[in-house]
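Enquirer: Sharing a structure below in structure tokens format, with a few things to ask.
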Amino acid sequence: MSSGRTFKALMVAGLTLFGALSNAAPDEAPYRQDARGDEVSYRTLEARVRELGRAFDGEVGIAVREVDSDWSTSWNGRRFFPQQSVSKFWVALTAFNAVDAGVLSLDQPVTIRREDLTLFHQPVAAEVGAGGYTTTLGNLLFRALTQSDNTCNDAILRAAGGPTAVRATLARHRIEGIRFGPGERIMQSRIAGMEWRPSFSIGNGFHAARAQVPAPVRRAAFENYIADPIDGATPDGIVDALARLRRGELLSPRSTERMLSIMSQTRTGPQRLTGGLAPGWRIAHKTGTGQVLGGTQAGYNDIGILTSPDGRHYAVAVMIGRTATALQTRMALMQNVTRAVIAFDESRRGGAQYSYQRR
């Protein structure tokens, strides 16, 4: 074939490929073959993720990334979903970055006082007496991640430099598809159509004040938050960051292992992604749960890293932005995503298939 014909053939092939990629659905990335992989296994997992996403009665995003090869697939992967307490992951990441830089020490003492209390889930409040509660920054970070304690998280956020520092960490590491809000107090108040007041942290103060908000005002604030969450994150962005953390690209080796070790001890959401684990599999994860209005919840999430018995890693994110379905149905979705990843791993190894156990 002449050089002119060869060049023309290559141009036609290139344009054809470009057209195919351009016509792919924006939230359904085109299939990418891993050099070591089995095409059937990858396509099966991709199809299963889409099947689970389509079948769920609610607004959901799902993403899976194979950490070692960086292959990924997603459903609504580029859409922003409310994070809620998933955002504690970024606070911890920022704190560990500060530790690596020598700015913070997890052994430094911190005192939590009554005026530091926030709202919703804060088990540490029971230990805050008239003289406060003194502990270490490391203990607060552990409780923020494993118990999703809002007061502990706020203390870590203050020590690490506030929301500006978190955003700077995201920018410095070029972590895309992630927003970080103004903090729990301000954000949760605004979702309810209010402005934060210190009295909200005392007893039933927040709930009592929220009950007095006119229904149209609260509904408008709630819907505005879901439509454009100030703490929004994309499933694709989340699994990319999780994979980079696991590969040691975001923190020092010591901080990487410590953060993942803490996440592996998470107590919240035992029937979310964790509920789908097979024997020998492990997970390091962080949950997020938002406010409910009229039976509809804004944010019901779980993100994490699944590790196979022989050490392969998969970053997973399931973000439910809006749903009124039963909790069991939401948890079943997350469990089935975990099972799909495990079935994929088994099929690549040629081992016994781990059942999807569809529900």
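Enquirer: Does Leu273 satisfy the condition of being crowded, with 18+ Cβ neighbours inside 10 Å and over 17 Å from the mean Cα position of the chain (by Cα)?
Expert: Here the answer is no, as Leu273 does not meet what is asked.
Enquirer: Asp228 passes all but one of (1) within 30 Å of Glu115 (Cα to Cα); (2) surrounded by fewer than 18 Cβ atoms within 10 Å (Cβ to Cβ); which number fails?
Expert: (1)
So that you can scan it fast, the table gives a plain yes or no per residue for (1) assigned to a helix (DSSP H, G or I); (2) in contact with a strand residue (DSSP E or B) (Cβ under 7 Å, 6 or more places away or on another chain); (3) among the polar types (S, T, N, Q):
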site	(1), (2), (3)
Ala171	yes, no, no
Ile186	yes, no, no
Tyr225	yes, no, no
Asp231	no, no, no
Leu260	yes, yes, no
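Enquirer: Can you tell me which of (1) outside the structural domain of Thr287 (by TED's automatic domain parsing); (2) surrounded by fewer than 14 Cβ atoms within 10 Å (Cβ to Cβ) is the one Gly183 doesn't meet?
Expert: (2)
Enquirer: Also: Scan Ala243, Ala284 and give me the residue that is in contact with a strand residue (DSSP E or B) (Cβ under 6 Å, 6 or more places away or on another chain), in contact (Cβ under 8 Å) with a residue 60 or more places away in the chain and not acidic (Asp, Glu).
Expert: Result: Ala243 is the single residue among Ala243, Ala284 that is in contact with a strand residue (DSSP E or B) (Cβ under 6 Å, 6 or more places away or on another chain), in contact (Cβ under 8 Å) with a residue 60 or more places away in the chain and not acidic (Asp, Glu).
Enquirer: If the Cβ limit is 6 Å and pairs must be 6+ apart or interchain, which residue in segment 120-139 that is over 23 Å from Leu104 (Cα atoms) pairs with which residue that is surrounded by 18 or more Cβ atoms within 10 Å (Cβ to Cβ) and acidic (Asp, Glu)?
Expert: The qualifying pairs are Gln122/Asp149; Pro123/Asp149.
Every residue, every condition in (1) modelled with pLDDT of 95 or more; (2) buried (at least 16 other Cβ atoms within 10 Å of the Cβ), yes or no:
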position	(1), (2)
Glu176	yes, no
Arg179	yes, yes
Ser189	yes, yes
Arg197	no, no
Ile202	no, no
Phe206	no, yes
Gln212	yes, no
Ala215	yes, no
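Enquirer: Moving to a separate point now. If I filter segment 30-42 for residues that are in contact with a Leu (Cβ under 6 Å, 6 or more places away or on another chain) and either under 30 Å from Ala159 (Cβ atoms) or modelled with pLDDT under 95 (or both), do I get at least one hit?
Expert: Yes, segment 30-42 has at least one match.
Enquirer: Looking at (1) assigned to a loop (DSSP other than H, G, I, E, B); (2) touching a strand residue (DSSP E or B) at 6+ places or on another chain (Cβ under 8 Å); (3) not polar (S, T, N, Q), find the lone condition where His121 falls short.
Expert: If we test His121 against (1) assigned to a loop (DSSP other than H, G, I, E, B); (2) touching a strand residue (DSSP E or B) at 6+ places or on another chain (Cβ under 8 Å); (3) not polar (S, T, N, Q), just (2) comes out false.
The values are calculated or read from the model by the stated rules, or taken from the named source; none is laboratory data. This structure is a prediction, so every number in the text was calculated from the model and none was measured. Cβ atoms come from the backbone with ideal geometry, glycine included; neighbour counts cover every protein chain shown.
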